[in-house]
Each structure stands twice: as structure tokens, then as C-alpha cells.
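To keep things clear, I will list the structure first and then write my remarks on it.
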Amino acid sequence: MRQRMIALDVLRGMTIGGMILVNSPGTWEHVFPPLCHSAWNGMTFADLIFPLFLFMTGVSMYISLQKYHFTLTPPLLLKILRRSALIFLVGMGIYALAPLGHIRILGVLQRIALCYGCGAVWVCCVRHSRLPWIVAVLLLGYCGLLLWGNGFEYGTGNILSFVDRQLLGIDHMYYDHGIDPEGVLSTLPCIAHVLIGFCMGSICLSQASTERRLNQLYLYGVLLLLAGWLLQDICPLNKKVWSPTFVLATCGCSTLLLSVLIGCIDATQRFRTVWPFQVLGANSLFCYVLSEVLFILLDALSFQGTSLHAWVYNGISTVCGDNAFSSLVFALLFTGAIWLVGYLLYQRKIFIKL
């Protein structure tokens, strides 16, 4: 396999496209069913998108830190901290643009920043052979915390809600029955998520034969998926609390999907025309930030007495009806517009890194 895995860019682009599609319906009153998140326990297609991006953050982390020989020097530490801070501040800046009374402290980009920062420092400070044990301790400890602290209660009695309200305050958190899906304590299993991705990245770039590497990825993917699925009676699959079984199941799906793409794109070159997916993958974080800002502006700016968002959706609904299909058409058009911006950057070989 080549050092720069095209499959990783493709999967990253597919993920960013999925994130934009899920986050930008024509109306939240009518959402295309496959793009809906699970109400509480359980897992839908939409629930796989963000975990997939965290997983790939871990894979990319292996590639980027390999040239530093995974040694935490002062310049590397400064680089990690600077990048983490930049991503975190950009995430907060997105919420500052929204018409809200207070800024939300934690969110999608903030979680990526924290997981990247903690994970990058960790993999440079410990032997990589110990990472699976660290992942196990994080997930088992968090599972115990959930079971002890009513972690699967969809309300303010949940320990995650209590900690977020104490540390963040209600005015600075996403309040879903008292639960912030990107809260403080639920960041811990997300770090484990990134570390699992890092371990899979080490397999992708190992010196073993291509066949052996792919077989390892297939095996670990199946084992992770089965573990998460079979243990859900003890610890339910739940994205909002980011349960350990959710980590295992989504990492299993991510590993299997990545292995299939590597096998088809990088190993056998069976699929060569993959640039439409690389367009978003090449500027993944920028495209995501752009989509969030534009979606907020569509709601904030008005035209003919209504928001631009509602005006466009109403135009679509006059043709297709006020239903989930019209909402999907809006989301597809919006995602296409972001893709077009990404395409212009890709054509000019402009790659914006956060």
C-alpha cells in the first residue's frame, strides 16, 4: 500500500458528506428517516457518521506522527496543542454565529480537538503495545461509571448531565433532557475511539503483506462489531452518552468499511475514479465548518419576509410537497453546494488545514 492511502481520503470525504447531509435538512419537522439519529438507545445510519470521523482522526494521526517517530519533543507538543486549540476555538466560533444567548462550550469540533490533543500526546508517551490496554481501561471504567451513575437515564438524574451542568452550566451546553451529546465525561470513550483508529492505522502501514494487513483489519473489524452488538444487553448502544458498546460497534463498522475501500482502491485499484469523494476529504474540516456557518446564515438572513432557509425549502416543497423527501432534496442541494466549493479548492490544489 502507498504511504498516502487514497482510501482514507475517500472515506473521509464520504464521512464529511454524510455529516453535512445529516445536519442540513430542509426542515427539522420532516427529516428523511435514514438521516435521523436514534432517540435514545439504538443505532441508526446517521449515528455512524461522527464516530467514523473520529476513527479516521486516529488513523490519520498515525500517519502524521510517524514522521516524528512518535517522540514527544517540545516543538511537536506545541504543534499538537496549537492545532487542538485552533480546532476548539473554531468550534466555539461557529456557535457564536448562531442567534443564541450564550455560546455552547462543547460541540463536534471541540470534541475532535480534545480527542486529537489527548490521543496525540498519549501515543507519543506510551508504548503502542499498551494502547489496547489503555482503551480497555477507558471503556471499562466509563462503563462502570454509566452503570453506577444512572448513565442510561434520559434525564437530569444521569451523572453525565450532573457533571455537565456543574462544569459547563445549562446556558453553555446543548440541553437534550439534560444530556449534552458532546459533554465532558462522554469525551473519555471518544479518546478510546481515536486510539482504536490509531491502532488500525498502524496495521494499515505495517511492513506485513497487503493480504495479511487486510485480513487483520477484517478480523478486528468483525470482532469489534460483534463485541459491541453482543454486549448491548449489559451496556446499551447509545450515541448520546457514547457508550462503550457504541464505541466497539462503530469502530468495527469503520474498520470493515476502511478495509473494503483499501482493498478496492489502494491494493487492487479496482476503483480508480474516486476523486468526487476526495474533493471533500482533501479539505474535510474546512468543508464541515463552511457548511455549519452557511446553514446558520441561511436561518439568520431573510428574504421576502422569511429566512433564506425557509424560502428555499418552501420553493422545493411546492413541487415535491411538504414532506421528508423535500427535506432530503434541500439537504442534497446544500451538500452539493459545499461540494462545489470543495471542488474549486481541489482543482486549484488548495488544501486548508485546521
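So here's what we get for this one:
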| item | result |
| --- | --- |
| Selection count where residues are of a type in the set (A, V, I, L, M), more than 29 Å from residue 110 (Cα to Cα) and either in contact with a His (Cβ under 8 Å, 6 or more places away or on another chain) or not in a helix (DSSP H, G or I) (or both), scope the stretch 183-230 | 1 |
| Subset of the stretch 182-201 [open to solvent by 20 Å² or more (accessible area, probe 1.4 Å), farther than 16 Å from residue 252 by Cα and touching a residue at least 60 places away in the same chain (Cβ under 8 Å)] | 184 |
| Residue match in the stretch 310-321 (condition: under 20 Å from residue 57 (Cα atoms), in contact (Cβ under 8 Å) with a residue 60 or more places away in the chain and either not acidic (Asp, Glu) or not in a helix (DSSP H, G or I) (or both)) | no |
| Hits in the stretch 326-339 (condition: farther than 11 Å from residue 290 by Cβ and without any contact (Cβ under 8 Å) to a residue 60 or more places away in the chain) | 333, 336 |
| Residues that are crowded, with 20+ Cβ neighbours inside 10 Å, of a type outside the set (A, V, I, L, M, F, W, C) and farther than 26 Å from residue 155 by Cα, drawn from the stretch 1-52 | 9, 12, 13, 15, 17, 18, 24, 25, 26 |
| The stretch 270-292, residues that are open to solvent by 40 Å² or more (accessible area, probe 1.4 Å) and at pLDDT below 90 | 270, 271, 272, 273, 275, 276, 277 |
| Residue ID - surrounded by the fewest Cβ atoms within 10 Å (Cβ to Cβ), chosen from residues in the stretch 296-354 that are more than 17 Å from residue 275 (Cα to Cα) and charged (D, E, K, R) | 353 |
| Residue count, the stretch 61-80 (criterion: in contact with a helix residue (DSSP H, G or I) (Cβ under 7 Å, 6 or more places away or on another chain) and either open to solvent by less than 50 Å² (accessible area, probe 1.4 Å) or without any contact (Cβ under 8 Å) to a residue 40 or more places away in the chain (or both)) | 6 |
| In the stretch 139-153, the residues that are open to solvent by 70 Å² or more (accessible area, probe 1.4 Å) and in a loop (DSSP other than H, G, I, E, B) | 150, 153 |
| Wholly enclosed helices (runs of 4 or more DSSP H) of the stretch 1-111 bearing at least 1 residues of a type in the set (Phe, Trp, Tyr) and out of contact with any Lys or Arg (no Cβ under 6 Å at 6 or more places or on another chain) | 49-66, 74-97 |
| Conditions (1) assigned to a helix (DSSP H, G or I); (2) touching a residue at least 40 places away in the same chain (Cβ under 8 Å); number of the one not met by residue 236 | (1) |
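The values are calculated or read from the model by the stated rules, or taken from the named source; none is laboratory data. If you're wondering where the values come from, they're calculated on a predicted model, not measured in any experiment. For neighbour counting, all protein chains shown are included, and Cβ atoms are generated from backbone atoms with ideal geometry for every residue, glycine included. Please note that ligands, DNA and RNA were not included when accessible areas were found on the heavy atoms of the full protein model with its side chains. Shrake-Rupley method; radii C 1.70, N 1.55, O 1.52, S 1.80 Å.
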